[in-house]
Structure formats: C-alpha cells, structure tokens
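What follows is a short report on a single structure.
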Amino acid sequence: MSTMPPSAIPGDVQESPLGRPVAYRNRYAPELLFPIRRQVKRDELGIAEAALPFVGWDLWNAYELSWLSPGGKPVVALGEIRVPADSPCLIESKSLKLYFNSFNQSVFESLEAVVGTVREDLARATGAPVEVRFTRLGEGWRVERGGGPPGGAILLDDLEVTIPGYDLDPSSLKAGGAPREECLYSHLLKSNCLVTGQPDWGSVMLRYRGPAIDRPGLLAYIVSFREHNEFHEQCVERIFCDVWRRCQPEYLAVAARYTRRGGLDINPFRASHRGWEPGDWWDPRQ
C-alpha cells in the first residue's frame, strides 16, 4: 500500500485512524470522531481564515447506518450530513465510519433521537452547526433522483487532449474572449488519499460566468490530479482557487461527487456567491 511520507502529512492528520488497524466497536462511542483542522491545507493555498474566498459545504451520504430499537430490533437507514465550509474542522472519513459503526448494537428510542445525537456530536467535532437527515430504508429517499449533472452541462471527457503528465499542474488553465455562462463537467477526476495513497474516484462540475475557459486546458488540469494526494474537500478547494486565480471569472462554483468508501461518499461544494448551489445531481457511480 502506497502512503505519503510522514513529513508531507499535517501533524493532526498523522494521529488519525487512517492507515492503522482499528478494533471494531459496536457500542456508541462519540470519541471515535477525528477532527482535522481545515486551515493547515488552506494556508498552502493562501486562504486567510477570516476571509474565505468561497461559501459552500461538504455533503456526506451514509449508506450503512443501523441501531437497535428499544425492543432490540435493528433499524437500518440512509443518512445525509451537510458540514459548512466555514467550519474550523472537517471529519476524517474513517473515523466517521467507525463512529457510525458504534451505533450498531446501541439502543435508541427513535430515529429522531439518533439524528439529534449525531447532530450534536458532529457539531462539537467540526466546531459549527451541522445539518443531519436520516431516512429509514424504503421510505423513498433518493429514489426519484437521476444521475449526472443538470441539463445543459457540457461533458469534457470526449475532447482530444494530450496529457503532458500526472503531476498537479494548473498552468493549463486559461480563459479569454467574450464572457459567457456555462456549466462544464468531467468524470475523469481521480486523486489519492492524503495518508494511505489509495485512489479516490469522482466527477467534478464547474459553473462559471466570465471569460470563456479553455476546455482542453481545464480537462488536462483535472486529469493532473491523478497522482495528487489530498482529501476530497481539499482537492475541491484547490480547484476553486486555481480556476478563480488563473481564469478570473465573475462567478464560480465547483462541486465534486466522489464514489463511496466504507459506506460513505463525500461531495464538496464551493462557490464564490450564494445561490449557485449544484442542485440534486449525483454521479451514476454512486
């Protein structure tokens, strides 16, 4: 298994459960949650803590949720967790999986009691209010959803592009000409976990208003993440900052949908302005 050298990993991340054997605990254990300070990686991008250049959130979908009713019967559910981008911390994904597993043999009075508990624990860990929604399996959540980004979005993946390399390189990002508003997306996003080096697969969508972004250059930039080691949330913030600085749009929104690992998928969204939320699109691979 490929891993990052310890010197390349922020100190708080080195202490996380990632890449380590961890005993399965099936009784409620909120102490399993492992917060990671966002600002460490934001410093690399020149982002001031008191002046974030974006708004947004990290949307987590949880597919492996279960606990016991007062009578001992298991309850299974799907979950949606929305962490604001201005929270001081994100939650390391393996620790969130371990935390949810700790509900498996724990008794709760109701679904509402579980939601309240999770909301309180995640708010404490992230340092900000967190939206939590659980739905019992079979009650229709996500059944009505279709795959892919919104209508009118333009897929970049069929462009003829020569890829110069797989080291992260924003130099291919260019824009010019008459201003336009459009939505571009690609399924070719791949990055690697900051700690374990394991692959993370996803789709990314950019909506912008401003000088026309060179599409082959944007696609080459997206592909250049292929050997890059960073968490999902950090990759999306890097994409936002690189496009914002090099292409200078008037408005910009970046949303990614990563495939699940350990029963969780993470879907960060960052935008220069409110009102540009990506809607309810999702990657068909999810």
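Bear in mind that the values in this text are calculations on the coordinates, not laboratory data. Because the structure is predicted, anything quoted here is derived from the model rather than measured. We place every Cβ from the backbone using ideal geometry, glycine too, and count neighbours over all the protein chains shown.
Observations on the model:
- For the stretch 6-136, the spread of Cα positions along each principal axis, largest first, Å: 53, 32, 20
- Tensor-based shape of the stretch 142-226 (alpha-carbon gyration tensor, a/c under 1.5 rounded, otherwise prolate or oblate): oblate
- ³J(HN,Hα), Karplus 6.51/-1.76/1.60, whole Hz, each residue of the stretch 44-49, x for Gly, Pro: 4, 8, x, 8, 7, 4
- Helix 232-247 and the longest principal axis of the C-alpha atoms of the chain enclose an angle of approximately 20°.
- Prolate/oblate/rounded label for the chain (Cα gyration tensor, a/c 1.5): prolate
- For the chain, the 222 nm mean residue ellipticity estimated from helices alone, with every DSSP H stretch of n ≥ 4 adding -39500 (n - 2.57) and the total spread over all residues, rounds to -6000 deg cm²/dmol.
- Filtered GluC sites (Glu not before Pro), the stretch 188-286: DSSP coil and at most 16 other beta carbons within 10 Å: Glu250
- Relative contact order (%) - criterion: Cα under 8 Å, at least six apart; region: the chain: 21 percent
- For GluC sites (Glu not before Pro), the sites in the stretch 52-160 that DSSP calls loop and that have at most 13 other Cβ atoms within 10 Å are Glu109, Glu139, Glu144, Glu160.
- Radius 10 Å from Cβ of Glu64, net charge of other residues (Lys, Arg +1; Asp, Glu -1): +2
- In terms of surrounding Cβ atoms within a 10 Å radius of their Cβ, Cys183, Cys247 rank from fewest to most as Cys183, Cys247.
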